[in-house]
Amino acid sequence: MSMNWIDEAKRVFRAKKPEHFTEYGHCEECAEHDETLLKS
Ligand SMILES: [Zn+2]
C-alpha cells in the first residue's frame, strides 16, 4: 500500500461533486437556490 489512495480519493471526490444541486434551469427560484448551495 502507498499514500496514493489520498490522491485517488481526491480525484473521485471531485468527479462525484455535483455542479448543480437543483434543476437550476427550471425557474428563477431553483436557480437562486442552486447558487446558494454552491456557495455554501
Ligand atoms: Zn423551479
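Computed values, structure above
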{"item": "Computed lengthening from ARG14 to SER40, 0.36 nm per intervening residue step minus Cα-Cα distance", "result": "7.7 nm"}
{"item": "Chain lengthening between GLU28 and ASP7 when straightened (0.36 nm per residue, less Cα-Cα)", "result": "3.8 nm"}
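Just so you know, all these numbers are worked out from the coordinates, no wet-lab data involved. Keep in mind it's a predicted model, so treat the numbers as computed, not measured.
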